[in-house]
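I have placed the structure first, in the form of structure tokens, so that the comments after it can refer back to it.
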Amino acid sequence: MSVFVHRMLGDMIVEAKPGFACGEEDPDGIFQMRMNNITRSGGLDLSKKRYVPSGHKSAANTLLCSGDVLFNATNSPDLVGKTLLFPGLDEPTVFSNHFLRLRTDGEQLAPAYLAHWLQEQFQRGVFKSKCRQWVNQATVGRESLLSISLPVPSLAVQYDIVSVLDHVEALRAKRRQGISLLDDLARSTFLDMFGTPDQAWAHVTVKDVAKDIKGSIRTGPFGSQLLHEEFVDSGIPVLGIDNAVTNEFAWQARRFITEEKYQKLERYRVHPGDVLITIMGTCGRCAVVPDDIPIAINTKHLCCITLDRSKCLPEFLHSYFLVHPISREYLRRTAKGAIMAGLNMGLIKDLPIVLPPISAQQAFVDRANSARKVKASHMAHLVELDALFRSLQHRAFRGEQWRDAASLAC
């Protein structure tokens, strides 16, 4: 077993420098790392980049180098402490005042080891418990961070731990990429099949393809019909935004009502194959209710659509709503606000659909189901890799036997 000595972080750091605030943007300036550029998992996200004037007085002293450790010292309580080992970019990069740039004494502490350890502390919620909080913000002070004690083995063991964790992280990243590609495949398959409508296809609306029954398009109970204090710990599930927010149905926070309360709200029951659309909060998300749904109702935050499946299949409407150019343009024109704050049941009823034959819809559903099975396999493997990664972190940073677990990733 390796010997681990606990030492204060400040004793092994040669620099802990904050970045700078800059309200001015300059498209021809220098890239400034901000909070959104680091993911919760400690990865680099360059989907949104902000450039500031390269002549700013603090720019020269806040340039990042490959191997710098960026600690997110100021963020929301849930995100403070996420950490990135800066990989180096092909352009000069500085960082905002939300970060501390940590540079280690390379004879004592490997930067990658430090980044992994800090990220593990973040995932365990250590920094959330240490931070000072005010309205929607939290911070871990420089001195507080540097006073933390961490387990330090020899440099050789540090690099050994980093090598294994990096290997497992690469496998996790590959799985995440595969899942993303499968999502892209489903989207491109839909557009290939239906993006350029056939002139013979019918032009209808959502209300035209809803089942011919009362309440086939409905929201949940309003106002005094269902009060927050009427939720109980078990009983009849109540579906909300969180069940559809990822655009796939998922069980998240469980809410229940009693059987007696359900008898009064039975008209709001959701059924297998119903299409759920979020109309409050995070609006415009969409999911299909699975076949194994128990008896449940939906809240007022969802619009629930029961379809006439001889006209329109749930999986087709789900993808049409999220992907088809006609749907996206309709929502852009009619809904209000960047997150579609004005989405309501009337807008959904009138959403135009260019409707292909059921046979074409079914062909798409069959392809989508095949991709979904592969995705489920990838997701299951990712769950295993995530568990392995956490186990390796836990063991490695405590000096426990971890090499046997590491062999599972090879």
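With 197, 237, 221 as the choices, which residue is touching a residue at least 24 places away in the same chain (Cβ under 8 Å) and closer than 18 Å to residue 279 by Cα?
Details: 197 fails: closer than 18 Å to residue 279 by Cα; 237 fails: closer than 18 Å to residue 279 by Cα.
Result: 221 is the single residue among 197, 237, 221 that is touching a residue at least 24 places away in the same chain (Cβ under 8 Å) and closer than 18 Å to residue 279 by Cα.
Restricting to the range 56-77, count the residues that are over 9 Å from residue 138 (Cα atoms) and either within 26 Å of the chain's Cα centre (by Cα) or of a type in the set (D, E, K, R) (or both). Before you say what the answer is, go through the steps one by one.
Let us first name the residues in the range 56-77 that are over 9 Å from residue 138 (Cα atoms), namely 56-72.
If we keep only those that are either within 26 Å of the chain's Cα centre (by Cα) or of a type in the set (D, E, K, R) (or both) as well, we get 57, 68-72.
Counting residues in the range 56-77 that are over 9 Å from residue 138 (Cα atoms) and either within 26 Å of the chain's Cα centre (by Cα) or of a type in the set (D, E, K, R) (or both) gives 6.
Within the range 1-25, how many residues are touching an Asp or Glu at 6+ places or on another chain (Cβ under 9 Å) and either in a loop (DSSP other than H, G, I, E, B) or modelled with pLDDT under 95 (or both)?
2
Residues in the range 179-194: is at least one modelled with pLDDT under 95, under 18 Å from residue 43 (Cα atoms) and surrounded by 14 or more Cβ atoms within 10 Å (Cβ to Cβ)?
Within the range 179-194 (the criterion being modelled with pLDDT under 95, under 18 Å from residue 43 (Cα atoms) and surrounded by 14 or more Cβ atoms within 10 Å (Cβ to Cβ)), the answer is yes, since at least one residue qualifies.
For the range 1-25, how many residues are charged (D, E, K, R) and surrounded by fewer than 14 Cβ atoms within 10 Å (Cβ to Cβ)? Let's see the steps before the verdict.
The initial filter retains those residues of the range 1-25 that are charged (D, E, K, R), namely 7, 11, 15, 17, 24-25.
Remaining after also requiring surrounded by fewer than 14 Cβ atoms within 10 Å (Cβ to Cβ): 11, 15, 24-25.
Going through the range 1-25 one residue at a time, the tally reaches 4.
Can you list residue pairs whose Cβ atoms sit under 8 Å apart, with the first residue in the range 373-399 being under 15 Å from residue 174 (Cα atoms) and in the same structural domain as residue 170 (by TED's automatic domain parsing) and the second being crowded, with 16+ Cβ neighbours inside 10 Å and among the aromatic types (Phe, Trp, Tyr)? Count only pairs 6 or more apart in sequence or on different chains.
Close Cβ pairs satisfying both conditions: none exist.
Among the residues of the range 146-167, which ones are within 27 Å of the chain's Cα centre (by Cα) and either modelled with pLDDT of 95 or more or under 14 Å from residue 120 (Cα atoms) (or both)? Break it down into steps so the answer makes sense when it comes.
So in the range 146-167, the residues within 27 Å of the chain's Cα centre (by Cα) come out as 162-167.
Scanning the range 146-167 gives 162, 165, 166.
Do we have residue 365 as among the β-branched types (Val, Ile, Thr), in contact with a Pro (Cβ under 8 Å, 6 or more places away or on another chain) and at pLDDT 95 or above here? Even if it seems obvious, please write down each step before you answer.
On the way: among the β-branched types (Val, Ile, Thr): yes; in contact with a Pro (Cβ under 8 Å, 6 or more places away or on another chain): no; at pLDDT 95 or above: yes.
It is false that residue 365 is among the β-branched types (Val, Ile, Thr), in contact with a Pro (Cβ under 8 Å, 6 or more places away or on another chain) and at pLDDT 95 or above.
Please give the number of the condition residue 319 fails out of (1) buried (at least 16 other Cβ atoms within 10 Å of the Cβ); (2) touching a strand residue (DSSP E or B) at 6+ places or on another chain (Cβ under 7 Å).
That leaves (2) as the condition not met.
Among the listed residues 206, 162, which satisfies the condition of being surrounded by 14 or more Cβ atoms within 10 Å (Cβ to Cβ), farther than 29 Å from residue 286 by Cβ and in contact with a helix residue (DSSP H, G or I) (Cβ under 8 Å, 6 or more places away or on another chain)? Please lay out each step first, then the result.
Working: 206 fails: farther than 29 Å from residue 286 by Cβ.
The conditions single out 162.
When residue 218 is evaluated against the numbered criteria (1) in the same structural domain as residue 317 (by TED's automatic domain parsing); (2) closer than 21 Å to residue 360 by Cβ; (3) crowded, with 17+ Cβ neighbours inside 10 Å, which criterion, by number, is the only one it fails?
It fails just one condition, (2).
What residue, among those in the range 197-249 that are among the hydroxyl-bearing types (Ser, Thr, Tyr) and assigned to a loop (DSSP other than H, G, I, E, B), is farthest from residue 180 (Cα to Cα)? Before you say what the answer is, go through the steps one by one.
Taking the range 197-249 and keeping what is among the hydroxyl-bearing types (Ser, Thr, Tyr), we get 205, 216, 219, 224, 234, 246.
Applying the additional criterion that residues be assigned to a loop (DSSP other than H, G, I, E, B) yields 216, 234, 246.
Working: 216: 33, 234: 35, 246: 13 Å.
Here the answer is 234.
What is the number of the single condition among (1) surrounded by fewer than 14 Cβ atoms within 10 Å (Cβ to Cβ); (2) in the same structural domain as residue 384 (by TED's automatic domain parsing) that residue 143 does not meet?
Unmet condition: (2).
If you scan the range 240-269, which residues turn out to be in contact with a Pro (Cβ under 9 Å, 6 or more places away or on another chain) and β-branched (Val, Ile, Thr)?
If the condition is that a residue be in contact with a Pro (Cβ under 9 Å, 6 or more places away or on another chain) and β-branched (Val, Ile, Thr), then 257 is the only one that fits.
For residues in the range 259-298 being basic (Lys, Arg) and in contact (Cβ under 8 Å) with a residue 40 or more places away in the chain, which is surrounded by the most Cβ atoms within 10 Å (Cβ to Cβ)?
We begin by selecting, within the range 259-298, every residue basic (Lys, Arg); these are 261, 264, 267, 269, 285.
This time we only want the ones that are in contact (Cβ under 8 Å) with a residue 40 or more places away in the chain, so: 267, 285.
On the way: 267: 10, 285: 23.
Within the range 259-298, the match that is surrounded by the most Cβ atoms within 10 Å (Cβ to Cβ) is 285.
Looking only at the range 144-171, count every residue that is under 21 Å from residue 111 (Cα atoms), in a helix (DSSP H, G or I) and in contact (Cβ under 8 Å) with a residue 40 or more places away in the chain and tell me the total. If you could, list the steps in order and put the result at the bottom.
First pass over the range 144-171, keeping only residues under 21 Å from residue 111 (Cα atoms): 144-170.
From what's left, in a helix (DSSP H, G or I): 144-146, 155-170.
Next cut, in contact (Cβ under 8 Å) with a residue 40 or more places away in the chain only: 145-146, 155, 157-159, 161-162, 164-169.
Residues that pass the stated criteria total 14.
Right, residue 101: outside the structural domain of residue 391 (by TED's automatic domain parsing), in contact with a Ser or Thr (Cβ under 9 Å, 6 or more places away or on another chain), over 20 Å from residue 29 (Cα atoms) and free of Cβ contacts under 8 Å to residues at least 12 places away in the same chain or not?
Working: outside the structural domain of residue 391 (by TED's automatic domain parsing): yes; in contact with a Ser or Thr (Cβ under 9 Å, 6 or more places away or on another chain): yes; over 20 Å from residue 29 (Cα atoms): yes; free of Cβ contacts under 8 Å to residues at least 12 places away in the same chain: no.
Judged against the criteria, residue 101 is not a match.
The values are calculated or read from the model by the stated rules, or taken from the named source; none is laboratory data. It should be emphasised that the depicted structure is a prediction, and the values quoted were computed from it without experimental measurement. Glycine gets a Cβ as well: all are built from the backbone with ideal geometry, and neighbour counts include every protein chain shown.
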